[in-house]
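My questions will all concern the structure given below.
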Amino acid sequence: MATVKENLLRAAELSESDSPRLDLEVLLCHLLGKSRAWLYTWPEHPLSDAQQAQFNALIERRIAGEPVAHLTGTREFWSLPLNVNRSTLIPRPDTEVLVEVVLELCPQSAANVLDLGSGTGAIALALASERPHWQIIAVDTMPAAVALAEENRTQLGFRNVEVLRSDWFSALSARTFDVIVSNPPYIESRDPHLREGDVRFEPLTALVAEEQGLADIRKIAEDARAHLAEHGLLAVEHGWEQGKAVRALFAALGYREVETRPDYAGRERITLGRR
Ligand SMILES: C[S@@+](CC[C@H](N)C(=O)[O-])C[C@H]1O[C@@H](n2cnc3c(N)ncnc32)[C@H](O)[C@@H]1O
């Protein structure tokens, strides 16, 4: 029977992965229901035959390219454990910058907030964890993503988030918000990165937009004007090469105080504007 340590030495089998050792650790923790600290405390612990067979099957799926988050069914965002599935995007670390910026720019006092294209609910739930007195609406057009965000909301016990199905603003009638935040689809349909890594297993509905990836950002920025309170904040994530175009779009639509903030790699990622 192979031990924990021996199974963690199988990184060469995951040569396509950027982080083979970490993948092995996360998958083994998931399988055994243990922490990474436990793996290092008990390296000689033997896997049972059934556990070994399950681990081998997980490694086969990882070799075929399936994201680790889909194999475990979870991904941490803003230190919140979120359920994930194939209905929407796996939350990315760079999206935490969007959460940071909104928290920085918005006072502690009560606010009505809208998260458009909420997917797992990552942004809305992260904001809810920091601002329990904010009223937050999270919308997505995909029913399975709405169900997933609601599952995450219930599991985390946030009562100040409401999850709705809506095609952008369609279900929100004349409601207005102090903050509208969105990580919408923004990848161009011919982008070769769509054939690489985790995105191959994520739905195009979460990734791709027309007009060189800008169609959804344009639609959101146009329609948000009717749903933002005076001086309300619009904050959107976009591709690292789209900052200039998004600033121009916001300015042309009359937004004020338009600026772009960088992601953790220093690339233009979040554009902000005020009504
Ligand atoms: C890039 S994902 C972001 C998910 C999540 N907010 C995050 O940051 O991890 C974009 C999300 O927008 C949703 N979406 C796409 N078109 C939409 C529309 N017309 N109305 C509402 N949501 C939409 C997708 O289903 C997907 O969940």
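If Ala111 meets every condition in (1) within 23 Å of Arg269 (Cα to Cα); (2) among the small types (Gly, Ala, Ser); (3) away from the ligand (no atom under 12 Å from the Cβ) apart from one, which number is that one?
Of everything listed in (1) within 23 Å of Arg269 (Cα to Cα); (2) among the small types (Gly, Ala, Ser); (3) away from the ligand (no atom under 12 Å from the Cβ), Ala111 misses just condition (1).
Could you tell me which residue of segment 100-119 is most open to solvent (accessible area, probe 1.4 Å), considering only residues that are part of a helix (DSSP H, G or I) and free of Cβ contacts under 8 Å to residues at least 40 places away in the same chain?
Checked segment 100-119; the qualifying residue most open to solvent (accessible area, probe 1.4 Å) is Glu104.
Can you find even one residue in segment 198-214 that is among the aliphatic types (A, V, I, L, M) and under 18 Å from Phe250 (Cα atoms)?
yes
From the list Glu237, Glu196, exactly one residue is within 20 Å of Pro91 (Cβ to Cβ) and in contact with a Leu (Cβ under 6 Å, 6 or more places away or on another chain). Which is it?
Only one candidate qualifies: Glu237.
Can Val146 be described as within 10 Å of the ligand (Cβ to nearest atom), outside any helix (DSSP H, G or I), within 15 Å of the chain's Cα centre (by Cα) and not small (Gly, Ala, Ser)?
Spelling it out, it is not the case that Val146 is within 10 Å of the ligand (Cβ to nearest atom), outside any helix (DSSP H, G or I), within 15 Å of the chain's Cα centre (by Cα) and not small (Gly, Ala, Ser).
Okay, moving on. Could you figure out which of (1) part of a strand (DSSP E or B); (2) surrounded by 21 or more Cβ atoms within 10 Å (Cβ to Cβ) isn't true of Pro81?
It fails just one condition, (2).
Let me spell it out: the conditions are (1) open to solvent by 40 Å² or more (accessible area, probe 1.4 Å); (2) part of a loop (DSSP other than H, G, I, E, B); (3) at pLDDT 95 or above, and Trp168 meets all of them except one. Which number is the exception?
All conditions are met except number (1).
Residues are listed down the side, and each one gets a yes or a no for (1) part of a helix (DSSP H, G or I); (2) modelled with pLDDT of 95 or more:
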position	(1), (2)
Asp18	no, no
Val26	yes, yes
His30	yes, yes
Leu39	yes, yes
Pro43	no, yes
Gln54	yes, yes
Ala57	yes, yes
Ala69	yes, yes
Glu76	no, yes
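In the list Glu222, Glu259, which residue meets the criterion of being over 29 Å from Glu66 (Cα atoms), within 14 Å of the ligand (Cβ to nearest atom), surrounded by fewer than 21 Cβ atoms within 10 Å (Cβ to Cβ) and acidic (Asp, Glu)?
Glu222
Any residue that is assigned by TED's automatic domain parsing to the domain that holds Leu103, open to solvent by less than 10 Å² (accessible area, probe 1.4 Å) and not in a helix (DSSP H, G or I) - is there at least one of those in segment 243-252?
no
Right, another one. Name the pairs whose Cβ atoms lie under 6 Å apart, with the first residue in segment 197-214 and within 10 Å of Pro185 (Cα to Cα), the second within 12 Å of the ligand (Cβ to nearest atom) and among the polar types (S, T, N, Q), and 6 or more positions between them or separate chains?
Between residues of segment 197-214 that are within 10 Å of Pro185 (Cα to Cα) and residues that are within 12 Å of the ligand (Cβ to nearest atom) and among the polar types (S, T, N, Q), the close pairs are Ala206/Thr88.
One line per residue, one yes/no per condition, for (1) within 30 Å of Arg10 (Cβ to Cβ); (2) within 12 Å of the ligand (Cβ to nearest atom); (3) more than 15 Å from the chain's Cα centre (by Cα); (4) open to solvent by 30 Å² or more (accessible area, probe 1.4 Å):
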{"residue": "Gln54", "(1), (2), (3), (4)": "yes, no, yes, yes"}
{"residue": "Leu58", "(1), (2), (3), (4)": "yes, no, yes, no"}
{"residue": "Ile90", "(1), (2), (3), (4)": "yes, yes, no, no"}
{"residue": "Gly121", "(1), (2), (3), (4)": "no, yes, no, no"}
{"residue": "Asp140", "(1), (2), (3), (4)": "no, yes, no, no"}
{"residue": "Gln155", "(1), (2), (3), (4)": "no, no, yes, yes"}
{"residue": "Glu162", "(1), (2), (3), (4)": "no, no, yes, yes"}
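The values are calculated or read from the model by the stated rules, or taken from the named source; none is laboratory data. The structure displayed is predicted, hence computed values, not measured ones. With ideal geometry, Cβ positions are generated from the backbone for all residues, glycine too; neighbour counts draw on all protein chains shown. Protein only, heavy atoms only, side chains kept; ligands, DNA and RNA dropped before computing areas. Shrake-Rupley method; radii C 1.70, N 1.55, O 1.52, S 1.80 Å.
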